[in-house]
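The values are calculated or read from the model by the stated rules, or taken from the named source; none is laboratory data. Since we're looking at a predicted model, the values are computed, not measured. With ideal geometry, Cβ positions are generated from the backbone for all residues, glycine too; neighbour counts draw on all protein chains shown. When the accessible area is computed, the model is the full protein with side chains, heavy atoms only, and any ligands, DNA or RNA have been set aside. Shrake-Rupley method; radii C 1.70, N 1.55, O 1.52, S 1.80 Å.
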Amino acid sequence: MTKEEIIVTVICALLGSSVLNGLITHILYKNKLEKDLKNKGHDMIAQEIGKSLQFVRDMELQLTIQELYNVENILQQRGSQVNLFGGEAIYPAIFNDWDSYNSFRETIQECRKKYEKNLPVKIALNLVFIERYINQLSLFLKENGDEELLPFWGTIFIVDLKKWQRNMDKLLVKEINKYTYKLESHETKKWTKMRKRVLIEQYQRTILYYLLRGECRNRDRKKMELVRNMLDNIFATQDINE
C-alpha cells in the first residue's frame, strides 16, 4: 500500500465516508466557483474590449460616407447623365463644413479617452495616428482657404483617409471576429517597436506630409508631383480670374 493510500484509509476511518464525501464535494465546488469567477471576469473584460472595438469601428466607418464634389452644378449641367457609380469627384462627408469635421475629430478624441486602453497595440497606434493626422490636417486647412474650400480639399485628402480607413477596418474586423479577447499593455517593447511603423512611416506616405514637407518615397514621387502640379494649376487659375 502506498503512502497516499494509507493516508486516505486513515482519513476514511477517522471521518467516515459521508464526511469525506462532503469534504471532497466542498473542494470540487470551491474549484468550480473559482473557475466560474475567473471565466466571468474574462467575459466582462471581453465584453468591454468588444464594445471598444465596435465604437472605434463606428468612428472609422464615418469616412465611408461620401459626397459628390460640386454636386449642385454637376446636376444642373448633366442631370441624369451624372455617374453615381463612379467617375465623379468625391470627398468624405466630414468635409461638408467645419461642424462636420470637428464632430469627427471629437469622436476620435472620445475613442482615445474612453477606449484606447482596451485596444490591441496596433489598433491603438492607428487610433493615435488618425488623431494626429486630423489635427495636422486642421492646421493645413485653416491656412489654405475658408470653409467653402473644405469639400475641395476633401477630394484631395480622401486618398490618405481611405487608405487608413481600409487598413483600420481590416484590423478591427479581424479582432472582432476572434470572439475572445485579451488585454494588451501599451507600455511594452512591442508598442515602441511598432510605433515608428504605424505613426511615423505611415504619415510620411501621405499626401498631407508631401504638401507640407515636399518629401516622399521614390515610388510615390510621380503621384505626389501630379497632385502638387494640379493644385498649383488650380490656384494659379483662380488668381488670374480674380
Among (1) without any contact (Cβ under 8 Å) to a residue 12 or more places away in the chain; (2) in a helix (DSSP H, G or I), which single condition is Ile158 missing?
-> (1)
When restricted to Leu231, Leu212, the only residue within 21 Å of Leu139 (Cα to Cα), among the aliphatic types (A, V, I, L, M) and surrounded by fewer than 15 Cβ atoms within 10 Å (Cβ to Cβ) is Leu212
Got a number for residues in region 87-106 being open to solvent by less than 50 Å² (accessible area, probe 1.4 Å), part of a helix (DSSP H, G or I) and closer than 15 Å to Ile65 by Cα?
-> 6
Which condition breaks for Tyr115 when tested against (1) open to solvent by less than 60 Å² (accessible area, probe 1.4 Å); (2) under 21 Å from Phe157 (Cβ atoms); (3) modelled with pLDDT of 90 or more; (4) assigned to a helix (DSSP H, G or I)?
-> (2)
Quick one: count up the residues across region 186-214 that are free of Cβ contacts under 8 Å to residues at least 12 places away in the same chain and not in a helix (DSSP H, G or I).
-> 2
Please go through region 118-136 and pick out each residue that is open to solvent by less than 60 Å² (accessible area, probe 1.4 Å) and of a type outside the set (A, V, I, L, M, F, W, C).
-> Asn118, Pro120, Asn126, Glu131, Tyr133, Asn135
Complete set of residues in region 208-225 that are closer than 20 Å to Phe129 by Cα and either among the aliphatic types (A, V, I, L, M) or in contact with a His (Cβ under 9 Å, 6 or more places away or on another chain) (or both) | Leu208, Leu211, Leu212
Could you please find all residues in region 168-185 being open to solvent by 70 Å² or more (accessible area, probe 1.4 Å) and assigned to a helix (DSSP H, G or I)?
-> Lys170, Lys174
Of all residues in region 74-111, how many are modelled with pLDDT under 90, among the β-branched types (Val, Ile, Thr) and within 26 Å of the chain's Cα centre (by Cα)?
-> 1
